[in-house]
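Enquirer: Take a look at this one; I'll ask things after.
What follows draws every value from the coordinates through simple rules; no lab data is involved. Bear in mind that the values here come from a model prediction, so they are computed numbers and not experimental data. We place every Cβ from the backbone using ideal geometry, glycine too, and count neighbours over all the protein chains shown.
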Amino acid sequence: MQIRKRIALLIDCDNVSHNSIEGVLEELAKHGTVNVRHAHGDWNNPSLSGWITKLHPHAIRPMQQFAYTKGKNATDSAMIIDAMDLLYSNSVDAFALMTSDSDFTPLVMRILESGFPVFGFGAMKTPQAFVDACSPFIYTENLVSEKADKTESSAPSAGRKSKTELRKDGALVKLLRTAVEQTSEDDGWAHMSKVANYISNNSSFSSINYGYRKFSDLIKASELFKVEMRKDGSAMYIKDARG
């Protein structure tokens, strides 16, 4: 029986929308059990009223942090301390940070140094440094619930990219082809799971940011690779279509 990862979700409520929390929890459920759910912020601030409605339905623990000094983000400091306490508690196996603040980049790097994976969730405005540090990083606009108030989610979803759009993304094409090349067998065919693992260990890539819930669906849509199902359809292998 495979043991599921224990994941600690830390939320910076000051700069990330509450509308995507359902999607974030659904995504994390694919990787393990979110046994720690802490939402940091000044709960006296009216701007967090939307988050308040999400706490009890999703068993999220509010972590109060007063803004003692104007212009200083006390929430960031409290969230970093919380993360470090959890890091040494031996109660979690992975971290998920829901924030659009690049100031957490050093924290991500520190957690990674201890051998813990870090899932990142933030708005499309999130600085690239933080995006690149996480593996994977998913833009919250792509996880917003259909029932969410659209007026509070002004940034558009990335949408599902077409074959042409996928092929025009040079960085994506290079990443996919490199992953297949590095994990392929002597005949040039690579097992899909090995390709996915290679990518997750070497980048912040997520197929969700391209509009595809499954990595295999993105691969098929790009038509960059030959696809072959083996072992009675239970194993998917791919090979560079140029070969």
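Enquirer: If each Cα of region 163-240 is one equal point scatterer, what is log10 of I(q)/I(0) from the Debye formula at q = 0.10 Å⁻¹?
Expert: Taken in order of the listed q values, log10 I(q)/I(0) reads -0.20.
Enquirer: How big is the dipole moment of the chain about its Cα centre under a simple scheme where the beta carbon of each Lys and Arg is +1, that of each Asp and Glu is -1, and everything else is neutral? Debye, nearest 20, please.
Expert: Numbers: 29 positive and 29 negative charges, 115 e Å.
Here the chain has a charge dipole of around 560 debye.
Enquirer: Quick check on the chain: what does the Kirkwood estimate of hydrodynamic radius come out to from the alpha carbon pairs, in Å?
Expert: Evaluated over the chain, this radius sits at 19.3 Å.
Enquirer: Related question: Counting pairs of alpha carbon atoms under 8 Å apart in space and at least six apart in sequence, what relative contact order in percent does region 163-240 give?
Expert: Answer for region 163-240 is 32 percent.
Enquirer: Okay, moving on. What is the extension gain from residue 26 to residue 186, computed as 0.36 nm multiplied by their sequence separation minus the C-alpha to C-alpha distance, in nm to one decimal?
Expert: 53.9 nm
Enquirer: Which number gives the lysine pairs in region 5-152 that have C-alpha atoms under 19 Å apart and are eight or more places apart or on different chains?
Expert: Numbers: 5/30; 54/147; 54/150; 125/150.
For region 5-152, the number of qualifying lysine pairs is 4.
Enquirer: Which one, 159, 10, 99, projects farthest toward the positive side of the charge dipole computed for the chain from Cβ point charges (K/R +1, D/E -1)?
Expert: Checking the options against the dipole of the chain, the answer is 159.
Enquirer: Now a separate question. Where does the chain land at 222 nm, in deg cm²/dmol rounded to the nearest 500, when only DSSP H runs of n ≥ 4 count, each adding -39500 (n - 2.57), divided by all residues?
Expert: Estimated from H runs of four or more residues: -9500 deg cm²/dmol.
Enquirer: Please name which of 175, 57, 241 has its Cα lying farthest along the dipole of the chain towards the positive end, using unit charges on Cβ (Lys, Arg +1; Asp, Glu -1) and the Cα centre as origin.
Expert: Farthest along the dipole direction, towards plus: 241.
Enquirer: May I pose another question? Taking region 78-142, which chymotrypsin sites (Phe, Trp or Tyr not before Pro) meet the DSSP loop condition and have no more than 16 other C-beta atoms within 10 Å?
Expert: 88
Enquirer: Continuing with this model, one more query. Going 7 Å from the Cα of residue 168 in the Cα-to-Cβ direction, what parts of region 216-230 have a backbone nitrogen less than 20 Å from that spot?
Expert: 218-225
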